[in-house]
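Working notes, beginning with the structure itself.
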Amino acid sequence: PACAEKVEDSLEKMGVKMRLGAAISRIVEQGDGIEAYFADHDLAEKADFIVLCIGARSNMSFVNQDEVATGAGVLVDDHMCTNVENLYAAGDVAQGTNLLTGKKETIALWANARYQGRTAGANMAGVNQTYPGNIPHNITHFLDMDFVGIGDVRNGSREEEIVTKDGYYYLVFNDKGLQGINMFGRFHESGLVKSRMIKRLLLHNNLPTGNYDFSNDLLMQYIKKTILYMG
């Protein structure tokens with residue numbers, strides 16, 4: 001909520017009109033633009049164009065769901081193999097593991113798709129390779145603003161805020177450690193922070209971490225040092 005308020009304040013200062021929690025009932029094309037009507041009243045908002053933000057959804061039209069195990073997408077193990085022998089899936093259609101929850105979820109990120117595809121390809125070629133999973137990570141650049149979400153800030157019992165000269169950071173924890181970060185104003189350090197979060201989650205789940213060994217305390221020291229140095 002605190003980070004959302006900062007985004008709203010910045011948009012209002014730019015003259016952006018926001019109508020939150022309102023559903024569009026109909027859209028009418030006019031000669032000089034578009035009119036959008038909202039369900040809560042009959043007045044229309046005029047616009048040059050309308051952008052629909054609908055998220056990501058797996059295209060399951062080509063999948064025989066009587067044979068292939070599916071949820072919101074095609075369910076895969078850490079080899080990217082489905083329940084059907086020698087049938088693999090990767091990318092936005094595949095439901096791999098969310099390291100934060102341990103559940104099978106579709107994480108529609110190009111980096112996640114790349115790792116899944118590489119793992120699937122290696123196993124199809126006879127090389128035993130695994131991909132343990134990923135965590136949600138989104139970066140938005142909009143009207144000269146940068147907003148980043150890593151992990152899940154809804155799944156915590158303790159919060160912490162870090163403010164620098166050009167950035168705001170909202171961190172959420174539970175008994176398992178850091179669960180999510182919202183960053184406003186900067187995005188450059190997000191990849192480094194996410195990488196260390198994943199290493200810590202792999203360590204927590206007794207999975208291979210490569211050359212890294214980050215406990216929760218070491219993770220927080222690294223994140224704060226990175227943020228303060230780059231901010």
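Structure notes:
- Meets criteria (at negative phi, surrounded by 11 or more Cβ atoms within 10 Å (Cβ to Cβ) and of a type in the set (D, E, K, R)) for residue 6: yes
- The residue of the range 77-89 that is surrounded by the fewest Cβ atoms within 10 Å (Cβ to Cβ), among those that are more than 20 Å from residue 202 (Cβ to Cβ) and of a type outside the set (D, E, K, R), is 86.
- Pair list, Cβ < 9 Å and 6+ apart or interchain, from the range 161-175 residues that are farther than 15 Å from residue 148 by Cα and surrounded by fewer than 19 Cβ atoms within 10 Å (Cβ to Cβ) to residues that are among the polar types (S, T, N, Q) and at pLDDT 80 or above: 173/157; 173/179; 174/157; 175/157
- Among the residues of this structure, residue 123 counts as one that is modelled with pLDDT of 85 or more, in the same structural domain as residue 99 (by TED's automatic domain parsing) and surrounded by 15 or more Cβ atoms within 10 Å (Cβ to Cβ).
- Being within 22 Å of residue 54 (Cα to Cα) and either in contact with a Cys (Cβ under 7 Å, 6 or more places away or on another chain) or assigned to a loop (DSSP other than H, G, I, E, B) (or both) is not true of residue 150.
- Residue in the range 47-65 that is surrounded by 15 or more Cβ atoms within 10 Å (Cβ to Cβ) and within 20 Å of residue 121 (Cβ to Cβ) present: yes
- Residues satisfying the stated conditions in the range 102-114, i.e. part of a helix (DSSP H, G or I) and either among the basic types (Lys, Arg) or surrounded by fewer than 19 Cβ atoms within 10 Å (Cβ to Cβ) (or both): 110, 111, 113, 114
- Odd one out for residue 98 among (1) surrounded by fewer than 18 Cβ atoms within 10 Å (Cβ to Cβ); (2) touching an Asp or Glu at 6+ places or on another chain (Cβ under 9 Å); (3) not hydroxyl-bearing (Ser, Thr, Tyr): (1)
- Pick from the range 21-39, criterion more than 31 Å from the chain's Cα centre (by Cα) and not in a strand (DSSP E or B), ranking: farthest from residue 8 (Cα to Cα): 31
- Search result, residues across the range 131-147 that are part of a loop (DSSP other than H, G, I, E, B) and loosely packed, with under 14 Cβ neighbours inside 10 Å: 143, 144
The values are calculated or read from the model by the stated rules, or taken from the named source; none is laboratory data. Owing to the predicted nature of the structure, the values given are computational and were not obtained by experimental measurement. Glycine gets a Cβ as well: all are built from the backbone with ideal geometry, and neighbour counts include every protein chain shown.
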